Amino acid sequence: MTMSQSSTSLAYGSVALAAVLWGGSIVAQKMALTSFSAVEASVLRDTGGLAILLVTWWAKEGAALRLSGADVRLLGLLGLGVLGNHLLILMGLNYVSGAVGGVIIGSSPVVTSLLSAMLIRDVPLRAVWAGAMLSFAGVGVVSVAGFQAAGDQPLLGSTLVFLGVVSWALYSIGSRTIMERISPLTVNWTTLMVATVLQIPLLWTDQKMLVAGVASVTVSDWLALGYLIVFATAVAQQAWLFGVKGVGPSRASVLGNLTPVAAIGLSALILGETVGWIEIIGICLILAGVWVVNRQTAELKG
């Protein structure tokens, strides 16, 4: 194997690792919600992840930071996208199973492509609308049809998770331009800091551990929170960036489809959730939509 082939294989492996770790984060979030409220879990996750990213940034970039006023404003807006993604998904998982959350999150590549075509017109809308309809049909199936593992309020929970996906899509689109001037690591920690600061006042409105006491948190829930901080927030993000640098965003997005598959499998294995035909049909529709979008956009580039 040549050096180039070895680097490519390592890049693909990094993307696959990030996708699986993010799939596991759905299960970890579901477990953490046993002892923590959605806001508590989100604040603790983001605070821990921010600490790791700051140390990494300091070591790699020497704490060099030069931002214009326009950069600060854009990073502030991007922080809202991070806030929406982390908090809305956690809130949604209060009402739906991890399997459902994983299925809906699988629509992320298509949502990003559709909004990107509408907002910045980097690809024609005609290249993504068919795939978008397929993926949205999959989201609709798991949100409305109802099934054993859906949870108490599947429509509310699914809507919150989907809005979290939209938040991440807007963050991804908005960060493209600024990452031409600022390193991805800097964008990561600054936007995560914004999200963390904005969430802290919300702790007064959504308390669980703060009321029951730290002693009420089980070991497994602390481990789940630790997984979210270390693996889902720090390791996965850097692995994804390394992989995208090696194979490009288009190829990386295909392997990114492992996230919903891993989420469903791990939800069944660890949480004991039922995975039925509705979930399977939903994920098949979503992945078919992703495939159509990837194929259509690849043909345009060719």
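Would you be able to say whether some residue in the range 178-189 is within 29 Å of Gly276 (Cα to Cα) and part of a helix (DSSP H, G or I)? Checking the range 178-189: not a single residue is within 29 Å of Gly276 (Cα to Cα) and part of a helix (DSSP H, G or I). Pairs meeting the criteria (first residue in the range 222-244 and of a type in the set (Ser, Thr, Tyr), second residue open to solvent by 40 Å² or more (accessible area, probe 1.4 Å), beta carbons under 8 Å, at least 6 apart or on different chains) are Thr233/Ile52.
For the range 37-52, the criterion of being modelled with pLDDT under 90, touching an Asp or Glu at 6+ places or on another chain (Cβ under 8 Å) and closer than 30 Å to Trp277 by Cβ is satisfied by no residue at all.
Within the range 38-70, the residues that satisfy the criterion of being open to solvent by less than 50 Å² (accessible area, probe 1.4 Å) and either closer than 13 Å to Gln238 by Cβ or outside any helix (DSSP H, G or I) (or both) are Gly49, Leu53, Thr56, Trp57, Ala63.
Taking the criterion of being open to solvent by 10 Å² or more (accessible area, probe 1.4 Å) and not small (Gly, Ala, Ser), the residues of the range 16-28 that qualify are Leu17, Val20, Leu21, Trp22.
Given the options Thr177, Thr159, name the one that is under 16 Å from the mean Cα position of the chain (by Cα) and on the phi < 0 side of the Ramachandran plot. Selected residue: Thr159, the only one of Thr177, Thr159 that is under 16 Å from the mean Cα position of the chain (by Cα) and on the phi < 0 side of the Ramachandran plot. A Cβ distance below 6 Å, combined with a sequence gap of six or more or placement on separate chains, defines the contacts here; from the range 167-185, residues that are more than 23 Å from Leu54 (Cβ to Cβ) reach residues that are buried (at least 19 other Cβ atoms within 10 Å of the Cβ) and among the aliphatic types (A, V, I, L, M) in the pairs Ala169/Val111. Could you tell me whether Ala18 is closer than 18 Å to Ala236 by Cα and assigned to a helix (DSSP H, G or I)? So Ala18 fits the description; yes.
Could you tell me whether the range 27-35 includes any residue that is closer than 18 Å to Val219 by Cα, of a type in the set (D, E, K, R) and in a helix (DSSP H, G or I)? Yes, because at least one residue in the range 27-35 is closer than 18 Å to Val219 by Cα, of a type in the set (D, E, K, R) and in a helix (DSSP H, G or I).
Picking from residues in the range 92-131 that are in a loop (DSSP other than H, G, I, E, B) and open to solvent by 10 Å² or more (accessible area, probe 1.4 Å), the one that is nearest to Leu170 (Cα to Cα) is Ile120. The range 199-296 holds helices (runs of 4 or more DSSP H) entirely within its bounds, and those carrying 1 or more residues that are modelled with pLDDT of 80 or more map to 209-212, 219-227, 236-247, 258-270.
Every condition in (1) at pLDDT 85 or above; (2) part of a helix (DSSP H, G or I); (3) open to solvent by 20 Å² or more (accessible area, probe 1.4 Å) holds for Gly164 except the one numbered (3).
The values are calculated or read from the model by the stated rules, or taken from the named source; none is laboratory data. What you see is a predicted model, and the numbers here were worked out from it, not measured in a lab. FYI the Cβ positions are ideal-geometry reconstructions off the backbone, even for glycines, and counts take in every protein chain you see. The area values use the complete protein model at the heavy-atom level, side chains included, leaving out ligands, DNA and RNA. Shrake-Rupley method; radii C 1.70, N 1.55, O 1.52, S 1.80 Å.
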